[in-house]
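Below: the structure, in structure tokens.
Values quoted throughout were computed directly from the atomic coordinates according to the rules given, and no laboratory measurement underlies them. Bear in mind the structure is a predicted one, so any value in this text is a computation, not a measurement. Cβ atoms come from the backbone with ideal geometry, glycine included; neighbour counts cover every protein chain shown.
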Amino acid sequence: MGLTHFNDNGRARMVNVSEKKDTVRTAVAKGKIRLKKETIKLIKDNGIKKGDVLAVAQVAGIMGSKKTADLIPMCHNIIITGSDINFKIFDNYIEIEAEVSTVGKTGIEMEALSAVSAAALTIYDMCKAVDKEMIIDNITLVKKTGGRSGDFYKEYK
């Protein structure tokens, strides 16, 4: 399968999805932000001066999913029917999971990836005063359902 984001002149274009059927589509993305153990404790104890880190990151992730078309040039502006962010806290990292859904002609993968990215960046922003060594990594699509290309699943490590 070739790349479809190029016109006959080899220039970038937004793919026309007019002829595609509307289907229920979901995508799940995950990522990690690595922090010092002391920073994890501050987050758990609500000791970060900027406020409740995970509550703010949750809202940022949802907003990130909704603003994807404003950030990624060739993404279609789609109606999101659901967006949820979950966090798992470990000793030295937080795992972020975003599940985003739509009923439409094109996928929702970029919205799920944007949601994880926005949540991770928000955690970074809120904690940077106490932890300059944070690392955001392993942001990836782990599940996609719906659409012509079918379902996709990948184990997350």
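When only the Cβ of Lys, Arg, Asp and Glu is charged (+1, +1, -1, -1), the dipole of segment 67-135 relative to its Cα centre reaches about 220 debye. Taking a label point 7 Å from the Cα of ASP70 along the Cα→Cβ vector, which residues of segment 48-63 have an amide N closer than 11 Å to it? So the set is 63. Distance between the pseudo-spin-label points of THR81 and ARG11 (7 Å out from Cα toward the beta carbon): 3.6 nm. In a DSSP loop and with at most 10 other Cβ atoms within 10 Å, the GluC sites (Glu not before Pro) in segment 14-102 are GLU19. Extending 7 Å from Cα along the Cβ direction at ASP45 and again at ASN92 yields two label points whose distance is 2.0 nm. With Cα atoms as the point set, the chain shows a radius of gyration and Dmax of 17.3, 57 Å. Here segment 142-157 is scanned for amide nitrogen atoms under 19 Å from the site 7 Å beyond the Cα of THR23 along Cα-to-Cβ, giving 142-154.
Within a straight-line Cα-Cα reach of under 27 Å, LYS157 can be paired with the following lysines, leaving aside sequence neighbours fewer than 8 residues apart in one chain: LYS30, LYS32, LYS36, LYS37, LYS41, LYS44, LYS66, LYS88, LYS128, LYS132, LYS143, LYS144. Using the rule -39500 (n - 2.57) for each DSSP H run of four or more residues, divided by the residues of the chain, the 222 nm mean residue ellipticity is -8500 deg cm²/dmol.
Relative contact order for the chain: 36 percent, from Cα pairs under 8 Å spaced at least 6 residues apart, divided by residue count. Once the C-beta distance of MET63 and GLU38 is scaled by a Förster radius of 25 Å, the resulting FRET efficiency is 0.30 to the nearest 0.05.
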